Structures are given as C-alpha cells and as structure tokens.
Amino acid sequence: MPTTAELELSLRAAELRVTRPRLAVMGAVHDHPHADTESIIGAVRAELGEVSHQAVYDVLRVLTAAGLVRRIQPSGSVARYETELADNHHHLVCRTCGVIVDVPCAVGDVPCLTASADHGFTIDEAEVVYWGTCPACSTTTPPTSAP
Ligand SMILES: [Zn+2]
Ligand SMILES: [Zn+2]
C-alpha cells in the first residue's frame, strides 16, 4: 500500500490537484486490484463517508485519463480498475465466476506480441485477455445451463 505522501506525489507528477476523493480512490484501486466501480465506491465511502457515485466516476475518469489508473473491460464484464503499473501485463478471466488474474507480458518485453501485419502503425502495447475457467470453477460441477 503506497503512503498518502506517495499517492500525492503521483497526483502532482500527473499535474493533478490533490483532493481527498482522488487520494481515496487511488488507495481503493491499489488495495482492490480489478475492482469494479461499485466496490471502489464502497471502499471510498468506508474511508470518507458519503461520496456520490458521480464523484467517484469522475475521479476514476480523471485518473484513467492521466494514466494513473488502468481501466480494463473484458467483454461481458463491467469496467474494472487497477493501478497503472505500465508493465503491459495481461489478464486471465474466468468465464464462470469472472475472477481476473494478472499475467505478465506474454513474451519478454513490450509490446510482447508481434502483430502479423502492423499496417504501418508503430505498435507500443498489446493487450490480451485470456479466457478460460479458473481452478476453483474447474473443480466444481459445471452449471447445467451454460451458454
Ligand atoms: Zn472461476
Ligand atoms: Zn491487472
């Protein structure tokens, strides 16, 4: 857990004003990697008391735009947030329970996946979602009405 001073430094480095909601949201995202907005709102409220949904959404948008927070949204899932580590890691997503796990860069350094055709782009990042079934779900009886 980064200290408040470290969080303040990150905000200042991104040329953002330091506010309590911003600090609380950054702390919540750090403590609960891949949390959805509802969980983050819960954690922020536990720290600051009543904070509106809109305020938390606004902070998340600002922090994401500033590159302090990374937003991930596997298809079929709500948006999840994590501290931007700039390590270009990827995610494993369980189709059954929706758990999200970090996996390091697929092969060596970024962008770690070489596109078969770059169409003239200078590629600096690749983002991969590996879909499957987590160990916990693999060992339980599969749902009978799975799509
Ligand atoms: Zn699972
Ligand atoms: Zn992650």
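Points to keep in mind about this one:
- The chain: C-alpha gyration tensor shape, a/c 1.5 cut-off, then a/b vs b/c: oblate
- Count Lys and Arg as plus one, Asp and Glu as minus one, and take only other residues whose Cβ is under 15 Å from that of residue 42; the net charge is then -3.
- Placing unit charges on the Cβ atoms of the charged side chains and taking the dipole of the chain about its Cα centre, the candidate lying farthest along the positive direction among 126, 76, 64 is 76.
- Trypsin sites (Lys or Arg not before Pro) within segment 53-98: DSSP coil, no more than 15 neighbouring Cβ in 10 Å: 95
- Exposed GluC sites (Glu not before Pro) absent - longest run of the chain, DSSP non-H/G/I/E/B, at most 11 other C-beta within 10 Å: 51-124
- For the chain, built as a Gaussian network whose Cα springs stay under 10 Å, the top-fluctuating residue of 122, 64, 19: 122
- Residues whose amide H comes within less than 5 Å of that of residue 84, counting only those at least five positions distant or on another chain, are 69, 70 (H built at 1.01 Å from N in the peptide plane).
Values quoted throughout were computed directly from the atomic coordinates according to the rules given, and no laboratory measurement underlies them. In this text, all values refer to a predicted model and were calculated from it rather than measured experimentally. Glycine also receives a Cβ, built like all others from the backbone with ideal geometry; neighbour counts cover every protein chain displayed.
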